[in-house]
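Structure, as structure tokens:
The values are calculated or read from the model by the stated rules, or taken from the named source; none is laboratory data. Remember, it's a predicted structure, so these values are computed and weren't measured experimentally. We place every Cβ from the backbone using ideal geometry, glycine too, and count neighbours over all the protein chains shown. Note: accessible area is taken over every heavy atom of the protein model, side chains too, but ligands, DNA and RNA are not part of it. Shrake-Rupley method; radii C 1.70, N 1.55, O 1.52, S 1.80 Å.
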Amino acid sequence: TIHIYESSHDILFTCFLSVSKMDIKKRLLLPFVCYFLSVSQFFHVCHGDVGTAAQYSPPYLPTACFGEDQTQFPSSNLFAAAGDGIWDNGASCGRQYLVRCISASQPGTCVPDQTIQVKIVDYAPTALSPPSAQSTTIVLSETAFGGITNIPMDSINIEFQQV
């Protein structure tokens, strides 16, 4: 039987009811299992890679991926330039990444629980506009960077995942 629990209270209540139906060995183990399940809900599970991000400003054209083509930019303006770690000799052009700010040198920089999806349109080391920090995993457009940060910073630590 598969149970879907709404909260840790539901888990503990179900665990309490189950105790009366088990033998003594399982009764001793059950509180530890119930405790682990309820506490594990408070921890975020990382599903991507960890890296760094900077931002860059206009002008964005030409790009290493699509040259002068204005249609390369998503209407949301959530796009980025790939750093050496994800450039993959240009194969990253057009790829989409989920990006989340996880920390920065100044507390309160990251917008909590905010994830954006960006499209790779350029190669950071050759981008026309210089990034706010060198050698980062990804360089985000002003709009993208502002979507996951509360205050201006040169660079932030991110969690990212290819979609």
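What the table shows:
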quantity	calculated
Within region 73-163, strands (runs of 3 or more DSSP E) holding 1 or more residues that are at pLDDT 95 or above and over 13 Å from ALA54 (Cα atoms)	96-103, 115-123, 156-162
Candidates ALA104, ALA81, ALA91 - the one that is of a type outside the set (S, T, N, Q), within 19 Å of PHE160 (Cβ to Cβ) and touching a Pro at 6+ places or on another chain (Cβ under 8 Å)	ALA81
Cβ pairs under 7 Å, 6+ apart, first in region 137-163 and more than 13 Å from CYS110 (Cβ to Cβ), second at pLDDT below 95 and open to solvent by 50 Å² or more (accessible area, probe 1.4 Å)	GLN161/HIS47
Per-region count, region 84-103, residues surrounded by 13 or more Cβ atoms within 10 Å (Cβ to Cβ), more than 14 Å from the chain's Cα centre (by Cα) and among the hydrophobic types (A, V, I, L, M, F, W, C)	3
Failed item in (1) buried (at least 18 other Cβ atoms within 10 Å of the Cβ); (2) modelled with pLDDT of 95 or more, with VAL50 passing the rest	(1)
Long-range neighbours under 6 Å by Cβ, at least six apart or interchain, first residue assigned by the TED database to the domain that holds THR137 within region 68-88, second modelled with pLDDT of 95 or more and of a type in the set (S, T, N, Q)	ASN77/SER141; ASN77/THR143; PHE79/SER141; ALA82/SER92; GLY83/THR136; GLY83/THR137; GLY85/THR137; ILE86/SER92
Boolean, ASN157 is open to solvent by 50 Å² or more (accessible area, probe 1.4 Å) and under 15 Å from the mean Cα position of the chain (by Cα)	yes
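A quick yes/no check of all residues on (1) open to solvent by less than 20 Å² (accessible area, probe 1.4 Å); (2) in contact with a strand residue (DSSP E or B) (Cβ under 8 Å, 6 or more places away or on another chain):
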{"position": "PRO107", "(1), (2)": "no, no"}
{"position": "PRO112", "(1), (2)": "no, no"}
{"position": "THR115", "(1), (2)": "no, yes"}
{"position": "VAL118", "(1), (2)": "yes, yes"}
{"position": "PRO131", "(1), (2)": "no, yes"}
{"position": "ASN150", "(1), (2)": "no, yes"}
{"position": "GLN161", "(1), (2)": "no, yes"}
